[in-house]
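**Q** Provided herewith is a single structure, encoded as structure tokens, for subsequent inquiry.
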Ligand SMILES: NC(=O)C1=CN([C@@H]2O[C@H](COP(=O)(O)OP(=O)(O)OC[C@H]3O[C@@H](n4cnc5c(N)ncnc54)[C@H](O)[C@@H]3O)[C@@H](O)[C@H]2O)C=CC1
Ligand SMILES: O=C([O-])C1=[NH+]CCC1
């Protein structure tokens, strides 16, 4: 999933440098090789701390059950996209870091009931992404912000429809 998230990030920025960390360095090297083969600038980091240093955007996408990203490693004003830790007993972001951030999510109900990091930190969700897109809640671009992704059922339904259309109706839309 991470390669696709990174490609979406890169499409937004004119200048960027991607640093990849994985607990298995061969996996990080494989992803860097894939990105470079698609003309995306990327390099391997030997630690999470090294990967996160001075980063504007941090994507965490792990199956970790204990936090891998610490508050001290993240600069003020950074934005974190947290895709992993989708269960109450899973964690990938240190509690202090979650408390420092402004929390955005796709579904408030899901985040408050499923996202281990949000539940443990006991912090409120500031806004759903839909509220930001509609302009009823601000993006707080200069603050430390955390987007807690969990996925919406409607995304699965639309994806299933696209696959069905491509398979049986030869029409992606
Ligand atoms: N937010 C969302 O919409 C979605 C979230 N997920 C969640 O995102 C996470 C990643 O999913 P995929 O990329 O499909 O899985 P994957 O198996 O391809 O990648 C998981 C990565 O987490 C790493 N990892 C596992 N335990 C770790 C630990 N203790 N410390 C450091 N790294 C660790 C693995 O080495 C692997 O690189 C999972 O927790 C999954 O449940 C998956 C689909 C949608
Ligand atoms: O496939 C998955 O593991 C998940 N999808 C949404 C949250 C977790």
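**Q** Check 118, 125, 132, 74 and return the single one that is surrounded by 14 or more Cβ atoms within 10 Å (Cβ to Cβ), over 20 Å from residue 1 (Cα atoms) and within 14 Å of ligand 2 (Cβ to nearest atom).
**A** Working: 125 fails: within 14 Å of ligand 2 (Cβ to nearest atom); 132 fails: within 14 Å of ligand 2 (Cβ to nearest atom); 74 fails: within 14 Å of ligand 2 (Cβ to nearest atom).
Of 118, 125, 132, 74, the one residue that is surrounded by 14 or more Cβ atoms within 10 Å (Cβ to Cβ), over 20 Å from residue 1 (Cα atoms) and within 14 Å of ligand 2 (Cβ to nearest atom) is 118.
**Q** Taking into account only those residues within region 69-86 that are free of Cβ contacts under 8 Å to residues at least 40 places away in the same chain and either in a strand (DSSP E or B) or in contact with a helix residue (DSSP H, G or I) (Cβ under 6 Å, 6 or more places away or on another chain) (or both), which is farthest from ligand 1 (Cβ to nearest atom)?
**A** For region 69-86, the residue satisfying everything is 71.
**Q** Can you list the helices (runs of 4 or more DSSP H) lying wholly within region 2-56 that have 2 or more residues being within 16 Å of ligand 2 (Cβ to nearest atom) and either in contact (Cβ under 8 Å) with a residue 12 or more places away in the chain or more than 24 Å from residue 143 (Cα to Cα) (or both)? So that I can check it myself, show each step before the final result.
**A** Numbers: elements: 2-12, 25-37, 48-52.
The helices (runs of 4 or more DSSP H) meeting that bar are 2-12.
Quick note: the coordinates plus some simple rules give every number you see, no bench work behind them. Please read these numbers as outputs of a predicted model, since none were measured by experiment. Quick reminder, even Gly has a Cβ in these numbers, built from the backbone with ideal geometry, and neighbours come from all protein chains shown.
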